[in-house]
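FYI, it's all coordinate maths here, none of it is from the lab. Bear in mind the structure is a predicted one, so any value in this text is a computation, not a measurement. Glycine also receives a Cβ, built like all others from the backbone with ideal geometry; neighbour counts cover every protein chain displayed.
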Amino acid sequence: MSSSRQQTKLQEVKAEVVSLLKGLSDKVDLERKLGVDYLQLDPVIKGKMSYEENVISQPPAPESVCENTDTYNEEAKVELSKSEKIEALGKLEEQVNRCAQCELCKQRTNVVFGVGNPDADLMFVGEAPGYYEDVQGEPFVGKAGQLLTKIIESIGMKRGDVYIANILKCRPPDNRNPNANEIVMCSPHLIRQIEIIRPKIICALGTFAAQRLLDTKETIGKLRGRFFEYQSTKFLATYHPAYLLRNPDDKKKVWADIKKVRDFLKE
Ligand code: URA
């Protein structure tokens, strides 16, 4: 194929992808207005590509745009030493800092990659950075973050013992909920972090993290406090600390959930 025909074809494919994503985004917005509080991810989450193939080394090919990498790649089957994890996370962070896969990159002050012990047994996954996280480039540093620190300390651990990351690495404007396209585009970064860190247990904070990693539409009320597996890693979801700030009566449920995490780690 001549290079000008290739260019035209590429333009056509790009236009089609943009229009598909717009349709998806409109549908989610409409569903949200209608009160639907789950994410319809199953039709689009099917990929088996490696992180590099899917995200970093090339612009999104039409077939891969809506696929994620929830399958360990060959590299990820090898357990890394702590220093290898530090190096792998460092390289990944450099790549994520350059990510421009969705519109959120245009408004971010900082990419909020993740923080903590690269060799952590326990990894928390939240939703998306807020104002303070965007400014400081670190997850969970605002009011919800202070509560998360208390939750961690309630089981005899320090913030620095665990690893903390979010589904989205950039702040959605006005702290709105992540949309389906942003989640699809950003998730491979998180999946790769999990592959590198290989925690003993993942604790998802809130609806978005729980639904995304379990690939379900079930409500957080039904998912929380139960053990699941995510790619052979133990998984437990609980309420998001920001929800707890608005609904302090549910704190006791989170204490119960986090004690299950503590007991699992003691086993
Ligand atoms: N809420 C989140 O889900 N993540 C953060 O980093 C901060 C608030």
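Between CYS105 and PHE264, the modelled labels are 3.4 nm apart [label points 7 Å from Cα along Cα→Cβ].
Counting 0.36 nm for each residue step from GLU229 to GLU153 and taking away their Cα separation leaves a gain of 24.9 nm. Summary of packing: across the peptides 227-237, 180-190, the per-residue average of other C-beta atoms within 10 Å ranks them, highest first, as 180-190, 227-237. Ranked by the mean number of other Cβ atoms within 10 Å per residue, highest first, peptides 126-135, 81-90 order as 126-135, 81-90.
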